[in-house]
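The values are calculated or read from the model by the stated rules, or taken from the named source; none is laboratory data. This structure is a prediction, so every number in the text was calculated from the model and none was measured. Here the Cβ positions follow ideal geometry from the backbone for every residue, glycine too, while neighbour counts run over all protein chains shown. Calculation scope for accessible area: heavy atoms of the full protein, side chains included, ligands and nucleic acids excluded. Shrake-Rupley method; radii C 1.70, N 1.55, O 1.52, S 1.80 Å.
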Amino acid sequence: MKIEGLELLRLRMPLVTPFRSSSASEAVRDALLVRVVTPSAEGWGECVALSHPTYTSEYVDGAASIMATYLAPRLLVHNDVTGEGVGPLLADVQGHPMAKAALEMAVLDAELRADGESLAARLGGVRDRVEVGVAVGFEPSIEALLEVIAGHVDDGYRRVKLKIAPGWDVEPVAAVRERFGHDLALQVDANSSYAGADRSALAALDALDDFDLVLVEQPLAVDDLVGHAALGADLRTPICLDESITSTGAAETAIELGACSVVNIKAGRVGGVLEAVRVHDVCRQRGVPVWCGGMLETGIGRAANLALASLEGFTLPGDISASRRYFDVDVTPPFEQVGGWMDLPAGPGIGVEPLEGVLEEVCVHRQWLSASG
Ligand code: MG
């Protein structure tokens, strides 16, 4: 497939509620979409990098820059680019997995649309709807947190993930359990905030064992697999790794060391949906359950996440919430959940594309890249 050109589209999409992590707050999603144009079809991808380099080192301005300067030119000089071929063509550029993943997604989507095949079918999906949950950021008070969760429970969600950090862990978890009981599947994500924590902060992780959590995600530093293994030996709550799992090899090492018993898979974090499938495969071979993480995606990224989460090994609900949990108006037809389940879109490729009118409204910058410049 010859790529005639690639368009980078920057979108400005206000979030319904600002998403507060331990180090940043996103009130507007500065989204980056990729449109790839080929003679037979167009394809769409989304780069999941956040505005600031606070989750990993990538950020959206940097991703747009590396795509335009280094990645897109490597694809545009070739006469025959396939979805499978994108990773190898970009491999000599170090890092930038989220930027690479967006390009792979767009090329794969174009290829699948030309072939009339869905992404889920290509990846080996086994279900046409997936169980989904909702992630809740930090709130100013326990009361505010309970109110936010009550709204999600009323909407039908049955699995909630809370962000935790030293000083905001046992108390909110206990309050949520007390208010919503044990029917609500509850898990927590520390985003490495217990790295270097003192004894009393770590004791709080022990105390979380009393609350029947599905898992505790990434308590320690990204590179501290030995620490995670030691902690895992102490805790009854399963440890899940997110930021540490950057590739299939990283997943194999972490599992081998006993650093995790669950893995959060994000295609952007591992360099693309095809590597994400390989991470899924090694986890499944070793009996490690996986689930699909989320990065405040628009409907483009959400559709791709649903296809990935339709694979057999995704046995835990993903952070794939309904569009309206994030945006008043999504760039695609909105995704809905009913009772904690979301249908995969039908149709070839990722199954959705941006609505032209909405795209016009939210797009603040377009950059066309082609071999002729
Ligand atoms: Mg996480």
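Note on ALA233 and PHE211: their simple-model spin labels are 2.7 nm apart, each label 7 Å out from Cα toward Cβ. Over the chain, the reciprocal of the mean inverse Cα-Cα separation, the Kirkwood hydrodynamic radius, stands at 20.8 Å.
Here's the picture: charge each Lys and Arg Cβ at +1 and each Asp and Glu Cβ at -1 in the range 193-319, and of VAL270, THR237, ALA254 the one pushed furthest to the positive end of that dipole is VAL270.
Highest average first, the peptides 9-20, 196-207, 322-333 ordered by how many other beta carbon atoms sit within 10 Å of their residues are 322-333, 9-20, 196-207.
Within the chain, the selection of entire DSSP H helices by a Cα span of 24 Å or greater along the long axis and an average Kyte-Doolittle value of at least -1.0 returns 97-115.
Spin-label model, ALA27/SER200: points 7 Å from Cα along the beta carbon direction are separated by 3.4 nm. Here is the tail figure for the range 121-343: Cα pairs spaced more than 31 Å apart come to 18 percent of all pairs.
Remark: the SER370-ARG129 segment gains 83.0 nm on full extension, using 0.36 nm per residue and subtracting the alpha carbon distance. The distance separating the Cα centre of the range 310-344 from that of the range 1-32 comes to 17 Å.
With R₀ set to 25 Å, the beta-carbon distance separating ARG12 from ALA68 gives a calculated FRET efficiency near 0.85.
Ordering of 112-121, 99-108 by packing is 99-108, 112-121, highest average first (other Cβ atoms within 10 Å, averaged per residue). Taking all protein chains into account, the per residue accessible area for the chain stands at 39 Å² (1.4 Å probe). As a fraction of the 1.4 Å probe accessible area of the range 121-343, surface on carbon and sulfur atoms comes out at 50 percent.
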